[in-house]
Each structure stands twice: as structure tokens, then as C-alpha cells.
Amino acid sequence: MTSKLRVAVVFGGRSTEHAISCISGGAVLAGLDRDQFDVIPVGITPEGRWVLAPDDPAALRASGRELPGVKDGTEVILPGDPTRGGLIVAEPARGGEMLAGVDVVFPVLHGPYGEDGTIQGLLEMAGLPYVGSGVFASAAAMDKEFTKKLLAAEGLAVGDYVVLHDGGTLSDAQKDHLGLPVFVKPARGGSSIGITRVTDWSQLGAALVMARAVDPKVLVEAAVVGREVECGVLEGEHGGPPEASLPAEIRIVSPDHDWYDFEAKYLDDACEFDIPAGLPPEVTVALREAAGRAFSALGCAGLARVDFFVTPDGGLVVNEVNTMPGFTPISMFPRMWAETGLPFDQLVGRLVRTAVARGSGLR
């Protein structure tokens with residue numbers, strides 16, 4: 001038996017963000033200090049099978065425009081041994097030792113069926129501590145409609161939007177209110193998948209079809225004139241208040257992209273990032289404070305990334321809150337914390353220890 005914390009890193013999943021989750025999972029596998037943690041890689045296939053994955057971060061990297069995925073492996077059974085937290089791996093391994101249970105789960109899952117409260121509820125049922133927000137905060141942050149409602153109730157500014165259900169479309173009055181351009185997006189998605197920037201109302205129908213291929217519930221958001229700035233937030237240690245990182249600004253520099261879409265994020269060399277963002281000091285202070293307020297307004301735990309628009313007059317508009325931000329090589333969350341003074345290995349180690357200290361159950 002080992003005295004090291006046994007961490008199951010779970011990645012892949014059933015959402016359209018499967019490949020990005022694999023890349024993030026590989027980075028977390030590489031970042032966890034093996035002198036402190038006994039690490040078990042667990043992949044979820046696009047069909048929903050849980051399998052023991054190879055402990056090979058290199059296999060989970062993107063290669064050019066080719067993205068990784070979870071295909072097959074030895075089945076993982078949940079729940080398992082209740083005396084060890086509920087997760088067992090059905091394979092004699094590591095010199096014949098049965099991998100009978102883990103101490104904490106790091107669910108590096110992006111999008112529905114992972115970041116939306118579903119796996120959080122499963123882990124709560126199994127009595128397993130896990131990294132990140134609980135069921136409610138995960139669900140509320142994933143659903144952009146309810147994110148906006150909770151942030152507005154906290155007094156934080158959000159952009160104008162319309163929610164469309166059941167195949168509906170915008171009325172003429174709603175079009176006049178939102179103006180052009182608008183962004184049509186799945187209400188419960190991420191990584192800019194299924195999003196269209198609409199500059200003419202003739203494009204709306206096709207944009208709705210694309211968004212509904214990801215989620216039947218669609219948000220149509222008015223464009224906000226401003227700079228795109230992000231801020232990382234960590235749960236305070238020892239019961240302290242949330243801590244906010246230095247912010248980062250995203251700038252599109254490629255003429256082939258006019259907004260931060262999936263290709264610009266992950267496949268093309270289309271962006272430059274300023275960390276810290278070149279903001280006036282008073283705006284930086286206000287933004288970090290607002291990021292902490294957004295984290296608390298949704299009841300987040302562990303970590304989150306809060307995305308803002310900074311308007312020309314220095315105003316702050318919250319775009320969205322991501323409760324399991326990317327950990328890919330180009331992801332802003334770990335890069336912001338590294339610039340703030342918390343390098344990657346220390347960041348993921350802190351997240352694991354915070355989760356163990358918090359435990360499972362009502363929080």
C-alpha cells in the first residue's frame with residue numbers, strides 16, 4: 001500500500017468537447033507530481049464507457065490538426081469498494097495489485113455529461129471527493145441562461161440576450177432589441193463549438209440549426225463592444241475568500257478569423273495573449289474583484305475561469321463562467337496562474353489537496 005494520495009484523472013467524455021478534454025487530461029497527468037500522487041488515468045469514450053487509459057500524456061496531445069480521443073481499454077466500475085471511496089478498476093495491475101479505490105477524482109471533463117453537474121452527482125453518490133464545483137454550481141455555470149440570471153442578481157453586468165426553446169426563432173422586436181451582430185450559441189456548450197457570428201438576419205436560420213445540433217436550447221447574444229479579458233479564480237485555502245489571478249487579454253491577429261472560434265482557439269495560430277492584460281490598474285483591481293464575486297454568486301468551488309468584456313470606458317460585462325477551464329498548452333487558466341506565481345504542477349497539486357480537504361457531501 002502507498003501513503004500517496006491516489007488520484008483518478010478522468011477525461012474524454014460524451015460531449016462535443018471530448019478531444020479538448022483529452023488534451024487537458026494529458027496535461028494534468030503530466031503535471032501531477034508522482035512523488036506526491038499515485039495517478040490513475042481514466043478515459044470515458046464518446047459512447048460513455050469508462051476505461052483504464054494508458055498513463056501516457058504524449059498520446060493525449062494534438063498532432064497538427066489531428067485531435068486525440070479515448071477509444072478502448074479495461075473497464076472501470078463505479079461504484080466500487082465503499083471503504084475506499086467507490087471507484088475500482090477491474091484489472092490486476094502494477095505488480096498484481098488490484099487498483100481498489102481512489103482518494104480523489106480530478107474530472108477534467110468539458111461540456112455536458114461532465115462539467116454540467118452530471119459526473120459531480122455521480123461522484124457525490126459514490127462518496128468520492130473531486131476537484132471543482134458541486135452539482136448546482138456546475139449545472140448553473142454550464143447553462144448560460146442561468147449563469148446570466150445569477151450574475152445579474154449579484155449586481156454584475158451581463159450582455160443582452162434571448163433564449164430560444166423548442167425550435168423557436170427571434171421575433172422582429174427581439175431582433176430590433178439585440179441589433180447586429182449577434183452570437184448564436186448552444187446554451188449548454190463550450191470551446192466555441194456550435195457558435196455562429198451572425199452579421200445579417202438571413203444567416204440566422206443556419207446559425208440556429210448549427211447551435212441546435214449541440215443543444216436544443218439556444219442563446220442569441222448581442223455583441224458587446226470591448227476587449228476580451230479572462231481571469232482565473234481559485235477557492236481560497238483554509239476557508240479563505242476566493243483568489244483571483246492576473247487577467248489575460250485575447251487578441252485575434254489572423255485576418256482569417258474575426259472572433260475567437262474553435263479553430264482560432266485550438267487549431268490555427270490566430271491569437272496573441274497578453275498576460276497580464278494591459279489594463280489600467282484600477283480596471284484590473286475591479287476585474288479581479290468581480291471575478292471573485294461571480295465565483296461566489298454561482299457557489300463555485302475549486303476553480304473557475306471568468307470571461308469578461310472590458311468596454312471602452314472601462315466597464316465590465318461578464319460573458320460566462322467556466323467551472324472546468326481548459327488545461328491544454330494554450331489554455332489561459334494555467335497560464336494566468338503561472339504568471340500570478342503558481343506554476344502548473346503547484347496549481348494542479350493545490351486543486352487536488354483542496355478537493356480532499358473539502359470532502360464530499362453538502363457544501
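The values are calculated or read from the model by the stated rules, or taken from the named source; none is laboratory data. Note that the structure is a prediction, hence the values are computed from the model and not measured. Cβ placement follows ideal geometry from the backbone for every residue including glycine, while neighbour counts extend to all protein chains displayed. Surface accessibility is based on the protein's heavy atoms, side chains included, excluding ligands, DNA and RNA. Shrake-Rupley method; radii C 1.70, N 1.55, O 1.52, S 1.80 Å.
Scanning region 114-154 for residues that are among the hydroxyl-bearing types (S, T, Y) and in a loop (DSSP other than H, G, I, E, B) yields one hit, S133.
The set of residues in region 303-317 being out of contact with any Lys or Arg (no Cβ under 8 Å at 6 or more places or on another chain) and in contact (Cβ under 8 Å) with a residue 40 or more places away in the chain consists of L303, A304, R305, V306, D307, F308, T311, P312, G315, L316, V317.
Under the condition of being open to solvent by less than 10 Å² (accessible area, probe 1.4 Å) and in contact with a Pro (Cβ under 8 Å, 6 or more places away or on another chain), the residues counted in region 32-61 number 1. In region 146-173, the residue that is nearest to G12 (Cα to Cα) out of those that are open to solvent by 20 Å² or more (accessible area, probe 1.4 Å) and under 20 Å from the mean Cα position of the chain (by Cα) is F146.
Just one of the numbered conditions (1) assigned to a loop (DSSP other than H, G, I, E, B); (2) modelled with pLDDT of 90 or more; (3) more than 17 Å from the chain's Cα centre (by Cα); (4) surrounded by 22 or more Cβ atoms within 10 Å (Cβ to Cβ) is not true of H110: (3). Among the residues of region 119-131, not one is open to solvent by 20 Å² or more (accessible area, probe 1.4 Å) and either of a type in the set (F, W, Y) or free of Cβ contacts under 8 Å to residues at least 12 places away in the same chain (or both).
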